[in-house]
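Structure first, then comments.
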Ligand SMILES: CC(C)(COP(=O)(O)OP(=O)(O)OC[C@H]1O[C@@H](n2cnc3c(N)ncnc32)[C@H](O)[C@@H]1OP(=O)(O)O)[C@@H](O)C(=O)NCCC(=O)NCCS
């Protein structure tokens, strides 16, 4: 079981559970085709975002295998909601997890996804005791590949047309990192974005 002591702090960010006042910020990025381009879901209406906000508010911990922990990514200076990270509990027996993230395009290119996801990996490995964490991306999602590589994740697999997304077959790339690789990467690299 993982019940983080929120808020989690990184150099520029605060990670906390979603709250009712996040609807505008959540809808701001969930409504954009640029954001959903390589994701399995379509841009959302405000009402759909309201329903998903409720789910996210209820998902700030990992209680059982299959759960996803969702944390809002907030700028610690302005308090602005910039996106979210997701940490999935894929297997209890094999201590496997999965990392995911979304950042509002208004804040892209400043290393925020890398900084937030690094904290997600730290949570998964150091507080939850995972052995291995994967990141699964659409093969065309170069920005996401850069994030995973900056985190020290290895490209392990290229799966040909294993998903039918938005009317077409798409390739998936699987990245992964082991706990001992994470420890070594943290020792040699400052994972903080800018
Ligand atoms: C993937 C995503 C989270 C990256 O957010 P971000 O805060 O801009 O990421 P960072 O700034 O930490 O790093 C992005 C890296 O990708 C590069 N990049 C940004 N946009 C890019 C693009 N369109 N094409 C190629 N590279 C891009 C940046 O220059 C940076 O590379 P660098 O390490 O060489 O400087 C963001 O693009 C996003 O939310 N996309 C939509 C949702 C999504 O696809 N999520 C991932 C699902 S697997």
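The values are calculated or read from the model by the stated rules, or taken from the named source; none is laboratory data. Nothing here was measured: the structure is a model prediction, and the numbers come from that model. Glycine gets a Cβ as well: all are built from the backbone with ideal geometry, and neighbour counts include every protein chain shown.
Some observations on this one:
- Residue within region 85-105 that is in a helix (DSSP H, G or I), more than 28 Å from residue 1 (Cβ to Cβ), within 18 Å of the chain's Cα centre (by Cα) and within 13 Å of the ligand (Cβ to nearest atom) present: yes
- For beta carbons closer than 6 Å, sequence separation of 6+ or different chains, a first residue in region 89-103 that is under 16 Å from residue 60 (Cα atoms) and touching a residue at least 40 places away in the same chain (Cβ under 8 Å) and a second that is within 16 Å of the ligand (Cβ to nearest atom) and part of a loop (DSSP other than H, G, I, E, B), there are no qualifying pairs.
- Among the residues of region 25-41, those that are away from the ligand (no atom under 11 Å from the Cβ) and in contact (Cβ under 8 Å) with a residue 24 or more places away in the chain comprise 25, 26, 28.
- Scope region 39-59; condition touching a strand residue (DSSP E or B) at 6+ places or on another chain (Cβ under 7 Å) and either at pLDDT 95 or above or not in a loop (DSSP other than H, G, I, E, B) (or both); matching residues: 56, 59
- Matching residues in region 154-173 - criterion: being outside any strand (DSSP E or B) and loosely packed, with under 11 Cβ neighbours inside 10 Å: 167
- If the condition is being part of a loop (DSSP other than H, G, I, E, B), in contact (Cβ under 8 Å) with a residue 40 or more places away in the chain and within 26 Å of residue 76 (Cα to Cα), then region 107-151 contributes 110, 111, 128, 151.
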